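Q: After the structure tokens below, expect a handful of questions from me.
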Amino acid sequence: MSDLPSRFLPDLPDGMRLHRSAALARNWWAMLIRGIAAVVFGIVAFLLPATALFVLAMLFGAYLLVDGVFAIVAAVAAAAHHLRWGLLLAEGVLDILIGLLALAAPGVVVIGAVWVTAAWAIVTGALMLAAAFRLHGSHGNWLLGLGGLISVIWGILLWLWPLIGALVMTLWLGAYAVIFGIALIAFAFRLRARHLEGTAG
């Protein structure tokens, strides 16, 4: 099993590496489930992008609620030990408020996320254009300028039509999920083969 990808098995002593490799192979089914779930999500994102988008927003809201509760608990514990707790409490309250908003009105959170992405694209694109003009006459500066222009245009389009932009980003996410899931499924079957070789030997 020493030929398993180093992404899953970082640099370790040989004995520990073999032990980790064997454990990973025994639990090949977990990797398979992850891969299938990713593929299913990707297909849903393609067939029902709006549904996938709102589900993601609601999952994000649920995550923020849990994170906010833990942040408040940490703030209380910090206060009990006379440590700084104000920022933790503020973070927890803010997380809970945004989480409740995401659960109550996921569309607002989706549009907000698209607008943040649009602002980022416009700002970075403008900086790239400015850099291209400062590098006037340099070899290939027009490519930097072209990239900046595309980024600015993309940001403006997202800002003007956020729902369409959100759907497009969901489709991209779906494509990534399908490709990622297929890779995990293939790796899971590779692990299964290694596990069967080990049990047979």
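Each value in this text was obtained by applying a stated rule to the coordinates, not by laboratory testing. Here the structure is a predicted model, which means the values were calculated and not measured. Here the Cβ is made from the backbone with ideal geometry for all residues, glycine too, and neighbour counts use every protein chain on show.
Q: Return the pair list, or none, for Cβ contacts closer than 6 Å from residues in the range 92-108 that are over 22 Å from residue 49 (Cβ atoms) to residues that are surrounded by 14 or more Cβ atoms within 10 Å (Cβ to Cβ) and of a type in the set (Val, Ile, Thr), at least 6 apart or on different chains.
A: 92/72
Q: Name the residues in the range 109-144 that are free of Cβ contacts under 8 Å to residues at least 40 places away in the same chain and either of a type in the set (Gly, Ala, Ser) or closer than 30 Å to residue 76 by Cα (or both), would you?
A: So the first thing to find is which residues in the range 109-144 are free of Cβ contacts under 8 Å to residues at least 40 places away in the same chain, and the list is 112, 116, 120-144.
Passing the criteria: 112, 121, 125, 126, 130, 131, 132, 137, 138, 140.
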